[in-house]
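Rule-based calculations on the coordinates, nothing more; no lab input. Being a predicted model, the structure only gives us computed values, none of them experimental. So basically every Cβ, Gly included, is an ideal-geometry build from the backbone, and we count neighbours across all protein chains shown.
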Amino acid sequence: MDPDSTAWYSVAPAAPEPSDACRDCGALPTAQIRVRAHAGLLLVMRDQTLDGPYCATCGNARIRAMTTRTLWQGWWNPLSLVLGAPLTLCQNWSSYRQLRRLPPPVPVPGRQQTSLGRPVLRRPQAYVALLPLITATWLITSAVTH
Ligand SMILES: [Zn+2]
């Protein structure tokens with residue numbers, strides 16, 4: 001076979017993705033959401049932010065992972081306890097509600113959606129949040145009653 005005759009099966013360049021396609025998997029429809037994680041460690045606070053657009057599957061996967069991280073790393077600084085972690089959890093909850101309004105995503109052939117993983121309340125790390133919350137509640141209660 002003539003080597004030049006192989007050109008007929010060359011792959012056409014992929015069409016560019018629409019600007020509102022899912023950041024992780026390219027699927028549609030998406031929502032423009034922000035997902036955050038907060039870590040508060042004694043004297044240091046650190047925030048991580050991911051901006052969409054995300055499809056429902058990938059967005060929920062990101063929210064689950066970053067909410068779980070906030071629940072076990074987000075409370076170990078006084079400012080984090082009263083501000084950083086609660087605000088981060090509220091932001092993620094708001095993003096979750098936006099994603100719930102989306103119809104199921106239409107996957108793009110050859111691209112893989114982010115694995116959802118277990119729900120937040122089925123992840124043991126999420127329950128680490130109970131320790132600082134119970135301690136803070138006890139401290140506030142004893143300060144008020146004494
Ligand atoms: Zn996606």
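Annotations for the structure displayed:
- Ranked by the mean number of other Cβ atoms within 10 Å per residue, highest first, peptides 106-117, 135-146, 38-49, 54-65 order as 54-65, 38-49, 106-117, 135-146.
- Nonlocal amide H pairs with L41, under 5 Å, H built at 1.01 Å: R46
- In a simple Cβ point-charge model (Lys, Arg +1; Asp, Glu -1; nothing else charged), the chain has a dipole of about 780 debye relative to its Cα centre.
- In the chain, helical runs assigned H by DSSP with n ≥ 4 each contribute -39500 (n - 2.57); averaged across all residues and rounded to the nearest 500, the mean residue ellipticity at 222 nm is -11500 deg cm²/dmol.
- The HN-Hα couplings worked out from phi for the stretch 116-124 by the Karplus form 6.51 cos²θ - 1.76 cosθ + 1.60 (θ = phi - 60°) are 5, x, 6, x, 4, 6, 9, 10, x Hz, whole numbers, x standing for Gly and Pro.
- Residues in the stretch 72-77 carry Karplus couplings, in order, of 10, 10, x, 10, 8, 8 Hz; the curve used is 6.51 cos²θ - 1.76 cosθ + 1.60 with θ = phi - 60°, and Gly or Pro positions show x.
- Summed side-chain charge close to Q91 - residues other than Q91 whose Cβ falls under 13 Å, Lys, Arg +1, Asp, Glu -1: +2
- 3J(HN,Hα) along the stretch 59-71: x, 5, 4, 5, 4, 4, 5, 7, 5, 4, 4, 5, 5 Hz, from the Karplus curve 6.51 cos²θ - 1.76 cosθ + 1.60 with θ = phi - 60°, whole Hz, x for Gly and Pro.
- Where the alpha-carbon atoms of the chain are placed on the principal axes, they occupy 92, 31, 25 Å, in descending order.
- Residues whose amide H falls under 5 Å from that of R23, counting only those 5 or more places apart or on a different chain, are Y54, C55, with hydrogens built in the peptide plane.
- Nonlocal amide H pairs with R111, under 5 Å, H built at 1.01 Å: none
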